[in-house]
Amino acid sequence: MIGSRPRTLAWLLSLALASAAVLAPTVGAAAEKLFDFGSLNVDLSKVQAKPEGAAPGAAPVPDAKEAPAQQLPSTATSPAPAVLPRDGQEAIGETVRTQAIKVQPVEVKAGQGRQQAVVYPVPEDRPVIEVKIAAGSEKKDWFEEAARRFMADPNLNNINGKPIRLVIDKIGSIESAELILSGKSMHGGRNEYQVWAPASGIFRSVVEDAFSGGKLFESDESVARSPMVFVTWGPVQQAIDQGIQKSMSFDTVTEVFSRELRGEKIDPNGRSFQFGFTKPDASNSGAVALVAMAYEFFAKDKGRYKIRLEDLKNPDFQAYLAFMKYMSDQTKTSTGKLAEPLMQAGYGGQPLSSIYVYENLAVKLAFIRKVNDPAGARPMIRYPKYNLVSDHPYYTLRHGNSREQVEAAMRFKDFLLTRDLQLLALQREGFRPVSTQISNQEMNEVLGDFVAENGLVPDLIKASQILIPAQSGEVIRALIETYKALGDPVGTNL
């Protein structure tokens, strides 16, 4: 609950009073409860963001625009990740060789596609136009608040006199993709879902490959952004920076594990280094982790490499995957569940030293730890050399839906892209907005403190050296299945 400590309550109340002085009425309701994470409920906003040059108390200016590709702008002085002395040195292959890591090889299987035909439209014979959205857990709170506002607006909430009912179903990106591509989302000739809103677009081709006979998606726009990051407790990150002298990546994590197997302790408190990412067959961020591992292993500074099915048969690569599977924690099925213990307990109160998560969760973690333990170890945000920016797409599904359902789903998508709802996503969840109506000043007001204190890089252009391009859906599915099938590795120190 808010205010479990007197100083926190007083601080949050002062924020609420300061915010109230500059809020427009519609935005004021959005600011009542920000950053809700389970039983933790704390406020991210220092002040309510307002456009540059606005007078105190002025309402937001809806047409204040700048290109989203330049948020925040790339300049010679804007912060960028530090380039450390050994950043160019790859240690993945060396670890596999020096630790003599081997694993029983597994067969790489290609999936079957085009098993269903797109059916559109189906008759709308019901008194209510229902739009059910399969949304990743990271967007559930934002979507639910947006749905509440949408359905309360009579100008939005009907088509030809029929009311629209929005239902947000919190479901993992991979689980929802499997339901759609397997046809298990169909009931009585209708699709259970009208919108698929995963955390990233890496599974788009996986789902599309299962269909033939027409366009599957009516829309595929991004509604928010969050690059993937490593979050490591300050003392451990400092030791890695000084001792290993490489930026955080799966290559760096591999080297940390290898050194510890040889008896070297990285954590200054003498604890073993513990690294976590989510289960790749249950969570989008875990699947992204596998893609990033494969890309690091095969790309070698190539900016446009396409991972191939043949690559996955490489025995050294399978040994590396088995090593990471054996050494890491993948007990959590959602990224929020992975981050939550760190938010609640901090450094020393739970076992993990470092995690691989969405940037917005890293911001939440940093803020909550600062509120609950200002003098404690800070979680440090690091951007990997090879990165994927989760684009949080909004796919309006045609298959098994009526024209009215598609129209209602598109209308809600447009609502999510309005200034007020994009600002809410930034303030409540720490998402980078895609709207051109959110100014750099507003981004700075919400995220600015995390730059110096926690290593956040505002400039997406500088945040990562190489962006991983879209990969084949067939390869992604085969990569996940290969990973699942791998047993425990053997090696010199295992």
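Read-outs: derived from the displayed coordinates by stated rules, not from any lab. This one's a predicted model, so the numbers in the text were calculated from it and none came from an experiment. Here the Cβ is made from the backbone with ideal geometry for all residues, glycine too, and neighbour counts use every protein chain on show.
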Name the residues of the stretch 263-282 whose amide N is less than 18 Å from a point 7 angstrom out from the Cα of Gln89 along the C-beta direction?
263-266
Cross-link partners among aspartates and glutamates for Lys302, C-alpha distance below 17 Å, same-chain residues fewer than 8 apart left out?
Asp87, Glu90, Asp251, Asp311
Taking the number of other C-beta atoms within 10 Å as the exposure measure, put Val288, Val103 in order starting with the fewest.
Val103, Val288
What percent does the relative contact order of the stretch 132-208 come to when contacts are Cα pairs within less than 8 Å and at least six residues apart?
45
Which of the lysines could be linked to Lys370 by a straight reach, that is with a Cα gap under 19 Å, when you skip same-chain ones fewer than 8 residues away?
Lys33, Lys46
Sum of side-chain charges, Ile244 neighbourhood, beta-carbon under 12 Å (Lys, Arg +1; Asp, Glu -1):
-3
Explain nothing, just the number: relative contact order of the stretch 321-444, from Cα pairs under 8 Å at least 6 residues apart, as a whole percent.
19
Within the stretch 126-254, how many Lys pairs sit with Cα atoms under 18 Å apart, leaving out pairs fewer than 8 places apart on the same chain?
7
On the formula 1/(1 + (r/R0)^6), with r taken between the Cβ atoms of Ala345 and Lys184 and R0 of 45 Å, the FRET efficiency rounded to 0.05 is 0.75
Sorted by chain and then number, the residues having a modelled amide H within less than 5 Å of the amide H of Glu130, at least 5 places away or on another chain, are Arg165
Per-residue HN-Hα couplings for the stretch 175-180 [Karplus 6.51, -1.76, 1.60; θ = phi - 60°; Hz; x = Gly/Pro]:
4, 5, 4, 5, 4, 5
Whole-number percent relative contact order across the stretch 157-254, with pairs defined as alpha carbons under 8 Å at least 6 apart
18
